[in-house]
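Report on the following structure.
Just so it is clear, none of the values below were taken in a lab; they were calculated from the coordinates. Nothing here was measured: the structure is a model prediction, and the numbers come from that model. Cβ atoms come from the backbone with ideal geometry, glycine included; neighbour counts cover every protein chain shown.
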């Protein structure tokens with residue numbers, strides 16, 4: 001049997017457009033000789049749809065779209081006369097299914113098996129994640145069991161995303177007390193299908209393949225996994241649809257960060273293992289680059305923008321964001337603005353200009369001195385008798401933020417913020433200043449990783465797109481004379497290591513100190529993290545690329561001790 005894994009890039013709520021993608025994929029699968037085509041979880045509405053799932057008209061339209069796709073399966077032929085001699089190609093499509101029971105949540109997170117113009121069966125998700133960015137129990141009722149479906153002479157177990165993650169743990173404690181894959185195999189399933197919308201973070205693919213291999217070896221069955229691709233708000237989905245054989249060996253891998261269709265020929269007596277192509281999978285800074293480009297491109301496109309604007313300081317953070325934007329949208333759609341102050345060095349503007357020329361993006365210079373001086377003059381009576389402090393520094397950042405927002409407003413361009421995760425963690429940023437914007441592209445990328453990403457960008461281009469001076473000079477906000485970031489912060493390698501332990505591993509202060517970090521430094525960093533929560537909750541949405549981001553998956557109080 002030939003199966004097509006079709007990883008689509010849905011736009012949340014665009015049911016007609018998403019259905020058109022499914023139909024195009026189904027036709028492409030039929031042309032490729034497939035007997036069955038698999039599409040991702042919730043592919044008709046898009047994942048995660050959040051409170052759009054509470055709207056009855058959205059649910060009604062997604063059911064109507066499913067019926068149209070079912071009708072098409074009665075018209076298209078399977079590649080080899082149809083599986084098991086039956087005419088027509090089959091399709092497995094994720095949708096939101098109304099719950100008709102008198103009690104429970106209003107929906108099921110379901111996949112429908114379509115064939116011959118009909119819905120042959122539905123399989124409902126059993127394990128509903130409620131950790132990190134997931135909140136499925138808010139909308140969906142959990143299924144108690146799932147059917148084994150016979151098709152083309154084989155018995156399939158059909159699972160949905162988290163059903164494959166039954167061994168997931170939190171604080172060392174298992175989250176679930178059932179194993180959907182094991183239950184399906186015990187009920188006679190010979191092949192496990194998993195339709196997913198599994199968000200990306202660094203090294204997630206390796207974790208996922210290891211999990212699939214473990215299930216396959218334990219149960220002695222091949223597993224086919226199809227994943228959503230694309231950016232939806234903060235989340236990025238990498239695609240990377242995967243096949244492992246019954247021994248746990250990688251047998252197929254679709255492209256990462258791109259729409260794709262992976263053709264899989266299931267075992268027969270003459271071919272005892274699944275056959276499919278294996279695409280190269282990017283890792284490290286290359287994967288991070290591709291993820292951010294996809295997330296940025298889709299956020300801009302799906303929000304209805306065509307172009308972006310950003311401030312160029314001559315520093316590494318804004319340089320990396322500009323390079324990502326030029327790749328994602330094309331240089332003609334990117335406008336970089338240098339806004340020097342009385343404290344800006346000559347090389348900062350020169351580095352910003354060199355970057356813009358290397359990328360081929362639009363570039364302009366707007367000195368902020370007249371506006372900065374006007375603020376100082378207006379506030380002088382109120383500030384009389386008080387020494388200058390961070391207030392005057394923040395005025396400069398807020399002048400720049402106002403200028404960039406004016407350009408965004410006038411030309412209809414999305415303003416990109418350029419702050420990194422390390423700065424956001426400790427509040428080394430100005431609310432209503434450099435935090436102004438519609439998307440925080442690198443807000444989940446630690447500073448130490450920014451340098452690796454910049455080096456990859458230059459290596460990928462085969463030239464110094466990001467100037468050497470930008471890579472080597474000490475990082476500075478240039479808001480006072482001779483300022484560097486390390487006047488206020490520990491070295492970034494120390495800061496990032498503490499952040500990893502505190503925010504990702506959830507270690508306590510004493511555990512971090514016991515690992516060898518200076519107590520005074522740890523106390524200062526943790527204090528800054530706690531008092532900056534109010535800033536983070538007013539930040540622009542940020543693309544999630546690590547396992548724990550400062551986004552909607554991290555829910556911390558502001559007024560707390």
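The helix-only estimate of mean residue ellipticity at 222 nm for the chain, built from DSSP H runs of length n ≥ 4 each weighted as -39500 (n - 2.57), is -11000 deg cm²/dmol after division by the residue total. Axis angle, to the nearest 10 degrees, between helix 15-31 and the longest C-alpha principal axis of the chain: 50 degrees.
In terms of overall dimensions, the C-alpha atoms belonging to the chain reach 87, 51, 47 Å along their principal axes, ordered largest to smallest.
Normalised by the residues of the chain, what does the relative contact order come to in percent, with Cα pairs under 8 Å and at least six apart? Computed over the chain, the figure is 11 percent.
Kindly put 395, 366 in sequence by how many other C-beta atoms sit within 10 Å of each C-beta, fewest to most. Could you put the intermediate results ahead of the total?
Numbers: 395 20, 366 17.
Exposure proxy ranking, most exposed first: 366, 395.
Taking 0.36 nm per residue of separation and subtracting the Cα-Cα distance, full extension of the segment from residue 57 to residue 283 would add 77.2 nm. Could you state the number of Å between the C-alpha centres of segment 1-78 and segment 473-545? So the two Cα centres are separated by 44 Å. Measure nothing but the geometry: give the 0 to 90° angle between the long axis through the Cα atoms of 447-461 and the longest principal axis through the Cα atoms of the chain, rounded to 10°. Tilt relative to the chain: about 70 degrees.
Among DSSP beta bridges whose residues both lie in the chain, state the antiparallel percentage, nearest 5. Counting only bridges with both partners in the chain, antiparallel ones make up about 55 percent.
Relative to the longest principal axis of the Cα atoms of the chain, helix 284-302 runs at roughly 90 degrees.
Calculated FRET efficiency, residue 20 to residue 384, Cβ-Cβ distance, R0 = 60 Å: about 0.40 to the nearest 0.05.
Taking a ≥ b ≥ c as the square roots of the eigenvalues of the Cα gyration tensor, segment 1-67 is prolate, since a/c reaches 1.5 or more and a/b is larger than b/c.
Annotation: extensible slack from residue 452 through residue 357 equals 32.0 nm (criterion: 0.36 nm per residue apart, minus Cα-Cα distance).
With a simple spin-label model that places each label point 7 Å from the Cα along the Cα-to-Cβ direction, the separation between residue 391 and residue 258 comes to 5.5 nm.
Sort 503, 357 so that the residue with the fewest other Cβ atoms within 10 Å of its own Cβ comes first and the one with the most comes last.
Least crowded to most crowded, the residues run 357, 503.
Placing a label point 7 Å from the Cα of residue 275 along the Cα-to-Cβ line, the residues of segment 1-31 whose backbone N sits under 20 Å from it are 1-6, 29-31. In terms of surrounding Cβ atoms within a 10 Å radius of their Cβ, 165, 113 rank from fewest to most as 165, 113.
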